[in-house]
């Protein structure tokens, strides 16, 4: 085994880091928390201009290490990067399954960091059981008419596009009869209702009332949408946020040093444990990227890394909050808050990590059935 | 050079060869037959025919010149079979003291993980019950002492050949300073981590096999989601342990020692050997503890009975790891390596 990055990757990582640091300051971070959009147009544009988004896009023939470096550097810097991560996933899907026109119009803008996209998948009654969704697209002449609603369409308020999963044939079996569309968010009939969360992140419910679109916005073939979302899940699992322990530990240790707590052997013991889990999370994530880089399926390894890293993030952020005492309860930028309130933020921010992008339970089912070869439980 | 999570072609061959060797020569009957001492001299003699005892020593001293990464590969196969031979201790001691009779395996060597006490006794040396030579610290010196092996061990959790040995009672050679021990301990940490990864991996497989075989309520218990989820946590722990052991070995093999490697906690980058070695052992010990615990639990009462093999793994997972001392203290030591020593008077 070898744990060195190539000179080429080291140079790219420095470039990514410099680009992120040049466009991220306290004000940008504060704005993201205030507005609830983990999103920074200036950063996206700069990464796009530098050609880094094109390099980071997932897919065949692409270098998966770039996506990993981009996510991990953004995470370490606390940069509002989620909208870029989502754009990269959809750019990769369109690149693989979209039409030339879609790539020209949408993918290019996403990779330039100029336009953004939200995911219209989950519904009020269809989450982990995604095939249970009821949003329908019905043929009417040359057009499709879409009716339904989607939950957790995070970033819809800053998006130019929605990547929308619909039912187009309910008699085609569990995974048949789906169609995916890429639709401009300003299409008549789309409305957005904010969902405010216990973290600073805002999500949305979106509603689709007689939304009319043409065939040019169908991604892949009509009724073959499950194949398209499967491509997306593969990319999404490969880019799960697994690097959160490093900034958590950095902020906690700086606070511990300033407060003198760093000398407490019990706290030192726990800090060492966080450092170990951070290494393990990074190695598991690097292994996922490496597996994709050698052209093998990496989704399972992504699941393994995600379950471990997200549970460790929750466990350790909650410990850090308790260890910081009353000051650990104070929110971002409150005077006297431990680590400027980042510890409280981490506790909140870590909560959805174990269900967004695939719940821990669904991931464990997959690991049990497809990695350990145990019988199907459901 | 680039990130690579695969074994080299040569290492694959080594893993296959030693995996097949231990499977054939150290089946579970041999492990059981070696209890309570935890040593099979026949197995040791067979390892000598492979020149395994001298692998860790450089060629100019007559050894096989294996890299630490190569030894990690072998140690994992040893752990998978919980083979009753002190190969890890012998390798570490042989690097410190590559005498010809040790390199050949004629004489077994062990390493005292703790300095000799005031009476000049090394307490509970792993491999000490059967080693003719013990390497360890006595006062300011790192020494090797040759004396007769007691060939008996106190009854212990991991059925390991432990014994108290005198640092002053035999033929004594000074090898260096007391501070030299740390490097040898780090090598022991990495190789023991690899052996524990082998235990964790095998225990996970034994658990999976058993829950497929055992039927209750008319179906294999492995079809129940509660059991599946308990097992599904294990691959991350096992793989993480394997990668950490290999990363530590890689750091050693490419010379990232004594401050040449990086410890940058702001960026989360650690390539220095000593902290990686500490991390590898601590994580692998947890992985082996959790894996053997869950696997034994899913065996139910059978797992608790001596008749079933999982208890052999359960006990060694703890016995092999805890012999170096309280993991809490090991974590504090790791914290010192990562953030520097804390001023003893500071704190709340």
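Observations on the structure shown:
- Test: residue in the stretch A:203-211 that is crowded, with 17+ Cβ neighbours inside 10 Å, over 24 Å from residue A:142 (Cα atoms), touching a helix residue (DSSP H, G or I) at 6+ places or on another chain (Cβ under 8 Å) and in contact (Cβ under 8 Å) with a residue 60 or more places away in the chain: yes
- Matching option when the condition is buried (at least 22 other Cβ atoms within 10 Å of the Cβ) and either touching a helix residue (DSSP H, G or I) at 6+ places or on another chain (Cβ under 9 Å) or within 19 Å of residue B:39 (Cβ to Cβ) (or both), among B:143, B:135: B:135
- For the stretch A:307-324, the candidate set comprises residues that are part of a helix (DSSP H, G or I) and over 25 Å from the mean Cα position of the chain (by Cα); within that set, the residue that is surrounded by the fewest Cβ atoms within 10 Å (Cβ to Cβ) is A:322.
- Within the stretch B:208-225, considering residues that are within 9 Å of chain A (Cβ to nearest Cβ) and either in contact with a strand residue (DSSP E or B) (Cβ under 6 Å, 6 or more places away or on another chain) or in a helix (DSSP H, G or I) (or both), the one nearest to residue B:191 (Cα to Cα): B:208
- Residues that are more than 7 Å from chain A (Cβ to nearest Cβ) and assigned to a helix (DSSP H, G or I) within the stretch B:226-249 comprise B:226, B:227, B:230, B:234, B:237, B:238, B:241, B:242, B:245, B:248, B:249, listed in sequence order.
- Residue list for the stretch A:145-160, filter: closer than 30 Å to residue A:44 by Cβ and outside any helix (DSSP H, G or I): A:146, A:148, A:149, A:150, A:151, A:152, A:153, A:154, A:155, A:159, A:160
- Restricting attention to the stretch B:130-182, the residues that are assigned to a strand (DSSP E or B) and in contact with a strand residue (DSSP E or B) (Cβ under 7 Å, 6 or more places away or on another chain) total 22.
- Residue in the stretch A:11-30 that is in contact (Cβ under 8 Å) with a residue 40 or more places away in the chain, under 17 Å from residue A:199 (Cβ atoms), more than 13 Å from chain B (Cβ to nearest Cβ) and in a helix (DSSP H, G or I) present: yes
- Within the stretch B:271-285, being over 17 Å from residue B:76 (Cβ atoms) and either in contact (Cβ under 8 Å) with a residue 60 or more places away in the chain or more than 9 Å from every other protein chain (Cβ to nearest Cβ) (or both) holds for B:272, B:273, B:274, B:275, B:278.
- Selection count, the stretch A:325-368, where residues are within 27 Å of residue A:235 (Cβ to Cβ), within 14 Å of chain B (Cβ to nearest Cβ) and surrounded by fewer than 17 Cβ atoms within 10 Å (Cβ to Cβ): 3
- Flag if residue B:7 is within 14 Å of chain A (Cβ to nearest Cβ) and in a loop (DSSP other than H, G, I, E, B): yes
- Unique match (being without any contact (Cβ under 8 Å) to a residue 60 or more places away in the chain, outside the structural domain of residue A:286 (by TED's automatic domain parsing) and closer than 19 Å to residue A:116 by Cβ) among A:54, A:48: A:54
- Evaluating residue A:87 against the criteria (1) surrounded by 22 or more Cβ atoms within 10 Å (Cβ to Cβ); (2) in a loop (DSSP other than H, G, I, E, B) leaves one unmet condition, (2).
The values are calculated or read from the model by the stated rules, or taken from the named source; none is laboratory data. Fair warning: this is a prediction, and the values are worked out from it, not measured in the lab. So basically every Cβ, Gly included, is an ideal-geometry build from the backbone, and we count neighbours across all protein chains shown.
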